[in-house]
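K.L.:
Got a structure for you, questions after.
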Amino acid sequence: MSRGWAGWLLAALLLAGLPSTQAFAASLNARLDDVYRAVGEGDPAAAQSRSAALLDQINDSNSQRGAVLQARLDVLYEYVKLSAAEGQILHEAVQKFAQNNTRGRGLLVRLKILESLERKDAQAASDLAQAAATVALHQSADEQAELHYAQAQAAAEVNGQLDFVRTSARLSLKYWQNLASPRAHWHEAQIYALIGLVYSHTGSKSDALAQYELSSNLAIKSFGADSQLRISCDIQRAGVLADLGRYGEAVVIREAVLLAAQHHYGDHSVDVAKAEGMVGASFQEIGDYAAAHDHYAHAEALLASLPDVSLHQRGVLAVNYGNLLQEMGEETAALEHYRQALAAFDGEKNTHAPAVVLANMGNTEFRLGHYEDAIVDFQRALLLREQADGKDSPGLVYALEGLGDAALALKRYAEAEAYFRRGLLVRGRALPVNHPTTAPLSFGLALAFWGQGKIDDAFHYARLTAEGQQALQASFVTDFSERQSVAYRDLLVPSTALTVSLAAKRGDGESIATAWHLVMVERGLLARSQALRLAAARSLHDPALGKKWSAWQNANTALAQAWLQTNVSSEQLALLRQQVETAEHDLWDKAGRHVVPDVNVTPAIADLARALPADGLLIAFTEGVADAPARILVAGNKSAPEDWYAFSLASNAPPQLRRIGVIDAISAQVRAWYGELRNPHSDLAQLRRSGLTLREQLVDPFVSADQKRSLFVVPEGELFRVSFAALPGNTSGYLIESGVRLHTLVHESDLLLPVSANTSATTLLAGAPDFLTLAANGEPSNRQLCVRASQQGFAAIPNAARELDNLKSLLSASGSASRITLIEGAAATKENVLAALPSANVIHLATHGFSLDESCSDDAPARGVTLAHSVEDAAITANSSALSGLAFTGAKISEQQSPIGVLSAGELGTLDLSHVDWIALSACDSGLGPISRNEGVFGMRRALRLAGARTVVMSLWQVDDASTADLMQALYRARFVEHHDVPTAMANAMQSVLTARRAAGQSDHPYYWAAFIDEGGWR
């Protein structure tokens, strides 16, 4: 072949695409990018095979040999392979390269640093990193960037090196930020996360969050939403969000990470187990322990089934699971998990993890009452954390809080004060005063001051704690379901109750007003927030929002129907509850979360006083703590308040505050008296004795029984069961006969509700449904309506039709209603009644009611049925709206099909009743339901408030059918014909029934006339 032919052939081959030196370099860079892309995406097989192929194909004479060796180093360190055979091969290759290449010397240093880190010899890695400073002077820019990153990685594992970590990481970051390649983006995202870790350890959580967000966004953009890099970044990001109290965002991110891990790795992987554990942590943080336990248990089982899981990973899950078990009261199981974690972390040079475990062990010993043992654990944790981060690190707080709690329990109040003060000082360097993690510290400090007799200082810190927690609760309810919000509330320290007790000790008007304001903010905060959001959502008139609203209604209906079926499993019910919560979440997302800026605004005391009639007296019950600061945190629990207090206010006097008694004792008395009230055959003498005991505690401190007053009562806890009208008079008769008028307020602000703007009444009278005939005999089954519904049907209500007809005649003759709609008998279906509700502002429903309650009897002709329930059901508070409601024509409950003709409270709460001035539920138990601290009664009572109804009349027990018809006739005459205010109308009606029964020689037992209460608007 001639030279010319050869030259032509070479040119042709080049034109055809054979790699030139420049093209070969570009191809090699692309292959290196593929390595880092595989690492970032989380494809270990591809990353290892690609980097191994490059290592074999690119020899020491190639200028890119150093980049190939570095890529192989990054891959093997990422997958913990430097100590394996592949690592030994790499080590030999790097040593050979370093003998003849200046770049190789820097690479060898980086290799040794990472080898030391993989062996958990952080100090050796740090020493190598510090000594490498002279090597960096002779390196290229990219080699210096690699070295600075390795130095930061090493320093991050050694106590007291956080400033050096941040400096080195930023030097490396400056180089990678100017490049645009998978290799650069991988380094950049890793370094953002490393800097975020530094900020997190030093307590600068907001700065840490900013770094993790940069890392996550870059990982998603460069490697995908399901990438391993995104997953690891967002795990840390969610942790910081939780630390900042932004639990809703943390849950969303962790659930997204779990889905990404499942999608990327399948269900059976270490990454899915870690993600499961993180979701469990989110539910634990908000008090949803059942969900948290499920996720942790699944994660633990998954890790146990997998080979080659690192001890550190097992230790992290063990300590987190232990924390949950501790909070659930399973201390022995918690300690076992902590011991497993300590064993897993044994040998690690960094003392962060062991310090955390020891602090948690201290908490567990504290819960067991082993205070001296707890102090030993906390002191060890404090020492390790000081060694790791210095004596000013916010990370010391957990041990300091534990030491303060233990000192309190041992009545070492001055010691406790010192620990809590130091905790607040170091935490305050990085977080705002009202941050959620400062609440236990400021609360503990208040108790320490109280124990030393420093009441003014104690009151100051109790108030600060309450204000911070209430601000957090107000934001929390916009992100979570009703059930989760209630659970989270129960995790908080009882700071408002402490403020109340201390205000009573101080006794001055300003302290009482401050405490009352805090009580009003906290009282029904969740219900008020929901009501405000629902009202705002209704006002938007958005078709897209309407679809979300319908989905929420349908989810509530499905849950209600399932509860009333007898063949629905607990798993199905749990799924339906979750669907309700999801639909609620979607509704708020569409409506906009932050439409209730005024949820923490409360009425001024002076405005409440002006709103009272001349003879009016407002009595607002609330909680306080026991007069024993050493017991408030007894056994490590943020204990529930133990005492009841009451604020009182007259129109012409300053507010008063006094202790009423012990909550448990008075609650037991209330339940006993209530049981006697709802039994028409109970002994009247015993009923009077029990009632006098209650009256002396609940009423006599404020007003004498023979004094004519209008009492406006805001109940709390079991006091929602009290029919104050039925309390005994001084010598005979009942309180309602002594000239006292009574009205219940859900919240003090109800006192300010103005007179309705409606000029005429549009009335709906509905009920007296046609029910299917009951089958004879048979026993009620669990979670089935017992008594009259137990045989798949409801009993007829003989006097309901008379009641409706009489009310129609009364209102028609008086001219007080511009239009009256009567729906009764066969026409009184659930669908017809629902269709008529929007056009009425006065509503009267006479039918069967049902609720989850202790009673289930068939003694008297009554308008009610009661759900039989299990122990599990009895613990339910939130989401209990499905467990109460009303029955209409054709109502039927069957194992074979969904319930027919039943309107649950859950469905009722989704309606728009903001136009309704008055609604009377002339049915049994319509004012009952599970009672939640500070949130009142769940069920129809709460549902009508959420729906926007102004004044509600409802019953506290299974009412007598005939007496109810008579009471309603008298009530409507007093209210709509004689135009009395609500409490006067109810008082007149009760006295009318009492007088008539006595004249007829019938029993004046309160069962027959005192079941109904009026609540809400009173004018």
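No lab work stands behind these numbers, since they all come straight from the coordinates. It should be emphasised that the depicted structure is a prediction, and the values quoted were computed from it without experimental measurement. Positions of Cβ are backbone-derived with ideal geometry, glycine not excepted, and every protein chain shown enters the neighbour counts.
K.L.:
Name the lysines eligible as straight-distance cross-link partners of residue 454: C-alpha to C-alpha under 30 Å, and not fewer than 8 places from it in the same chain.
P.N.:
391, 411, 505, 638
K.L.:
Still on this structure, please answer the following. Take 34, 508 and order them by how many other Cβ atoms sit within 10 Å, fewest up front.
P.N.:
Taking fewest neighbouring Cβ atoms as first place, the list is 508, 34.
K.L.:
Counting other beta carbons within 10 Å of each residue's own, what order do 924, 233 fall into, fewest first? Before the final figure, lay out the partial values.
P.N.:
On the way: 924 32, 233 28.
In order of increasing Cβ crowding within 10 Å: 233, 924.
K.L.:
Can you give the % of DSSP beta bridges in the chain that are antiparallel, to the nearest 5?
P.N.:
Taking every DSSP beta bridge within the chain, about 45 percent pair in antiparallel fashion.
K.L.:
Can you list the lysines whose alpha carbon is less than 27 Å from that of residue 892, not counting same-chain residues fewer than 8 positions off?
P.N.:
830
K.L.:
Oh, and also: Quick check for you: which residues of the range 645-665 have the amide N under 16 Å from the point 7 Å beyond the Cα of residue 627 toward its beta carbon?
P.N.:
Counting only backbone N, you get 645-646, 657-663.
K.L.:
Under a point spin-label approximation (7 Å from Cα along Cα-to-Cβ), what is the residue 536-residue 683 distance to one decimal in nm?
P.N.:
5.6
K.L.:
Of all the Cα-Cα pairs you can form in the chain, what percent are over 51 Å apart?
P.N.:
Working: 177555 of 518671 pairs.
Of all Cα-Cα distances in the chain, 34 percent exceed 51 Å.
K.L.:
What is the Cα convex hull volume of the range 337-527 when expressed per residue in Å³?
P.N.:
On the way: hull volume 25.0 nm³, N = 191.
Value for the range 337-527: 131 Å³ per residue.
K.L.:
While we're on this one: Hey, what number do you get for the chain at 222 nm if only DSSP H runs of n ≥ 4 count, each worth -39500 (n - 2.57), divided across all residues, to the nearest 500?
P.N.:
Taken over the chain, the calculation gives -18500 deg cm²/dmol.
K.L.:
If you put +1 on each Lys and Arg Cβ and -1 on each Asp and Glu Cβ, how big is the dipole of the chain around its Cα centre, in Debye rounded to 20?
P.N.:
Charge dipole of the chain: 1700 debye, to the nearest 20.
K.L.:
List, in the order given, every pair from 205/274; 221/547; 174/221 whose Cα-Cα distance in the structure shown is over 28 Å.
P.N.:
Where the Cα-Cα span goes over 28 Å, the pairs concerned are 221/547.
K.L.:
Let me ask something additional. Determine the sum of side-chain charges near residue 206: Lys and Arg each +1, Asp and Glu each -1, restricted to other residues whose C-beta is under 12 angstrom from that of residue 206. Intermediate values should be presented prior to the final figure.
P.N.:
On the way: positive: 205, 246; negative: 207, 213, 243.
After counting each charged neighbour, the total is -1.
K.L.:
What does the convex hull of the alpha-carbon atoms of the range 605-749 project to on average, in nm²?
P.N.:
So the mean shadow area of the Cα hull is 9.8 nm².
K.L.:
Here is a further query. With the convex hull built on the Cα atoms of the range 107-236, state its orientation-averaged projected area in nm². All intermediate terms of the calculation are to be shown ahead of the outcome.
P.N.:
Working: hull surface 30.5 nm².
Result: 7.6 nm².
K.L.:
While we're looking at this one, here's another question. Report the calculated FRET efficiency for residue 95 and residue 343 (r = Cβ-Cβ distance, R0 = 30 Å), to the nearest 0.05.
P.N.:
Details: r = 36 Å, r/R0 = 1.21.
The computed FRET efficiency comes out at 0.25.
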